[in-house]
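Note sheet for the following structure.
Derivation of every value follows stated rules applied to the coordinates shown; laboratory data play no part. The structure displayed is predicted, hence computed values, not measured ones. Methodologically, a virtual Cβ is constructed for each residue, glycine included, from the backbone with ideal geometry; neighbour enumeration extends over all protein chains shown.
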Amino acid sequence: MERLFEDIRFGFRSLRANPTFSFIAILTLAMGIGVTTAMFTLVNSVLLKPLPFVDAHELVYVTLENKKTGELSGRTDISFVERIEKLDSPLQELAYYAYNQVTLGKGDIQTPYTVLITSQNFLSMHGVKPIIGRWYEAKDLNTQSVVISYNMWQKEFAGDPNILSRVIKLDNRDYNVLGVMPLNYSSTGFTSIEVWKPINKLDRPVQIVGRLKTGLSTEQAKQQSMAIERIVDEILGEKDSVWEIKYTTVLESIVGNSKQSLYLLLAAVLAVFLIAVLNVANLTFAQYTNRVQEFAVRVSVGASRGRLLRQLITESALFCLIGGLAGLLLAAWSLEWIRELMGSRLPRLHEISLDQTAVLAALALISISALTTALIPAYSLVNPNKLTDAIKQAGQKMTGDKNSQKVRRFMVSSEVGIAVVLLVCAGLLIRSYINLADQDTGFNTQNIVTGHVWLPDNFKPQPNRHSYWLDLVETIKNQPEVIAVAASSTMPMGMTGIDYPVNYSYQGAPVVPRGEEPTASVRSITADYFSLLEVPILAGREFDYRDTANGPKVVVINDYLAKTIWPNEVAIGKTLTLPKWMGGDHRIVGVVGNVKHRGLRAVPLPEFFLPVTQHNYPGMSLLVKTNSNANVATIKSMMLKTSIEKQATAPMILLETMQDLTEGSIVGERLILIVLSVFAGVALLLASIGVYGISDNMVSQRTSEIGIRMAIGARPALIRRWIVWNASKPVIIGAVVGVLMAFIFGQFLASVLYGVKIFDPITFAAVPLVLVFVGIIATWLPARRATRIHPQQALHYE
């Protein structure tokens, strides 16, 4: 123990004696360990850590999936759940829920909040209890009762301990508060849920969540679902239906597409960490080379090789520990930055923190760094032959043997190669993002504000429900600064609304096996929808006053569907046959241009549109076109106020501009691009430091040789070229190898690239050229310094 304290004291003296080396090594490791710890924490918190529910691995979402196409059905309502609950199924218990929106407040001051309307057993199935009060029971189903989130309790009611005795105003109606949920509790993986209400009756699809019987996997559960699928056939009125039950674990559903992105970023940050470690190992190599004579003297007076190795490992452990502690601070800041950057689009955001696992990961990274940065150079330098040579060359500057120089050059080449891979990946994503951002949506996105309204289930009988939508559209249209208003059952570029595939047929359609019938997306719209969005009418007309509730059934189809069915005929006037529950035969009155409704990545798909007077839903999206100088906040406030005035229990939600929705459809790509670009930039910086370090060290070790060359007549320009060429060799080698590696690892980006080939000539040519250019600059600076030393001074340099 006493020797360990001696080694630590000696290590601190060594760090103080070499402040430049210590600063660069600690800073480099802080960057490498910090960003790696942050990304590991992110991956662990989102992907690996179990959900905070009792036996969370047993919780699954239950959906209906088309066996042929993989599409999900929206026809899972409460009656469906009630029927399958009575069956012998692989589920211990079933619960269900749906999203809604309420406003809190009075008069003009209304704050919208997201509501989860759930079955009575929803919370007990998760194994969670309110921290104050209770969850709703059967007796609460027909009462105005809610459970609120911890956040709402603190923000809106200042943590009032008497909250259970208060009546709160939601949608201008009185509600009793039954309980308060735990801090950061999330039913669905996101923290936006602020209110929970019991379901009584609900005339729209619900999400179904169940708990598997103990020991069953999702695949085993699927094999035991024959009875449920027979119920599906009865509900859909089909035999041998193509619809089957699909079980997805709650964790898998919450994580969704984030898994691939997070693992991609984790791989990138591990590459940055590797560069940082190699960089510090290279700097340590140079530092130890300058101390070989010190090591030789210590061995000559009795120190063993193992004693020297232990001392060097202790020194490396010291600056790695300091760098690691600084890295933890950087990791904490990085996580805050990532939270702000990704916001609500990152699942389990509230669970991300530097916990015990993150600290252990940081300690592992520190240990790896200490061993790598100490053992690689120490093994080469602290050996009998090297130490003997050092004693013979006492008083002279050691330049290191060829093996040592090869190791250092290999490390620099590795740094450059890894940096090339990261920069190529970032370059491919940049070009992909540019291609996505330049995509034509097929409609106008400027000066349009959107919002969504869900009507209460007992609002009006369905045949007359369209009158509310027409009245709301007309009322908003008469407001100042408003040019036009339209409504649609699904918001363009948004996930809100009802959008599921519907079977269709037509005269002369070929007979196809069950389950392979053609499908198209359906949207219910008002008359001015196409003109407001400036969607071109390619043939026929859009909906107008002639398309009444009792008039002939009409439909408008998109160009993709028209060319699919009648590639060489005129579609106008032909009949499109829809399911009986949608009215059967419809006459085609218009053909419109293709629109990217589901995001900028979407490819054209068959779509048809029905007039809201003939087919409508309890939820519709409003699109309000305004003057270019209109205040968006004022327009949003007007839309919210109008929806409340028209029906107190139907506040407008998700108020956004169409431009924001369009940009939001590729926000995931933008976030990945930003984070990966940051990592690639750090890799480029570290690789540049490594190249500069080996160049500067070469100049320092060969100053005497440089003096001799200059003394016998070598021109400074020739000396500079000689130094630059020798120092640039590992850069060029690393760039070439990096390009080959980038082509291999680029295959993993194939699924996220858009309009860019994996082997993109521009990216693959530009990145190595940039790195070689940066490398030349990094080598030229020490070369210029070398040629400014007077030959006489160089000859006496030690």
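Brief remarks on what is shown
- What the phi angles of region 627-634 give under the Karplus curve with 6.51, -1.76 and 1.60, with θ = phi - 60°, is a coupling list of 5, 5, 9, 5, 7, 4, 4, 5 Hz, glycine and proline written as x.
- Residues D696, D440, D160 arranged by fewest to most Cβ contacts within 10 Å: D440, D160, D696
- Unit charges at the beta carbon, dipole of region 448-664: most positive-side option, Y468, S505, P606: S505
- Computed lengthening from Q479 to F410, 0.36 nm per intervening residue step minus Cα-Cα distance: 17.8 nm
- Loop chymotrypsin sites (Phe, Trp or Tyr not before Pro), region 516-545 (other Cβ atoms within 10 Å of the site Cβ: 12 or fewer; DSSP): Y545
- The HN-Hα couplings worked out from phi for region 114-126 by the Karplus form 6.51 cos²θ - 1.76 cosθ + 1.60 (θ = phi - 60°) are 7, 10, 10, 8, 10, 6, 4, 8, 4, 6, 4, 5, 7 Hz, whole numbers, x standing for Gly and Pro.
- Rounded to the nearest whole Hz, the Karplus-based 3J(HN,Hα) values (6.51 cos²θ - 1.76 cosθ + 1.60, θ = phi - 60°) of region 261-271 follow the sequence 5, 5, 5, 4, 5, 5, 4, 5, 6, 5, 5, with x at glycine and proline.
- Residues with amide H under 5 Å from that of T657, placed H, sequence gap 5 or more: T450
- Taking label positions 7 Å along the Cα-Cβ direction at both T564 and H57, the computed distance is 4.1 nm, reported to one decimal.
- Segment F773-E645, length gained on full extension (0.36 nm per residue, minus Cα span): 39.5 nm
- Among 207-213, 9-15, 520-526, 56-62, the order from most to least packed when residues are scored by Cβ within 10 Å on average: 520-526, 207-213, 56-62, 9-15
- Restricting attention to region 448-664, the count of lysine pairs at 8 or more positions apart or across chains with alpha carbons under 13 Å apart stands at 4.
- Note on V667/S79: beta-carbon distance plugged into 1/(1 + (r/R0)^6) with R0 of 30 Å gives a FRET efficiency of 0.20.
- Take the Cα of Q220, go 7 Å toward its beta carbon, and the backbone nitrogen atoms of region 75-104 under 15 Å from that spot belong to 89-92.
- Residue order for D171, D77, fewest other beta carbons within 10 angstrom first, comes to D77, D171.
- With both labels modelled 7 Å from their Cα along Cα-to-Cβ, the T577 to S467 distance reads 3.5 nm.
- Highest mean packing first, where packing is the average number of other Cβ atoms within 10 Å per residue, the peptides 680-690, 566-576 line up as 680-690, 566-576.
- Look at L455, L91 and count the other Cβ atoms within 10 Å of each Cβ; fewest to most, that gives L455, L91.
- Count, lysine Cα pairs under 27 Å in region 78-179, 8 or more residues apart or across chains: 9
- Packing-based ranking, highest mean first, of 267-279, 740-752 given that Cβ atoms within 10 Å are counted: 267-279, 740-752
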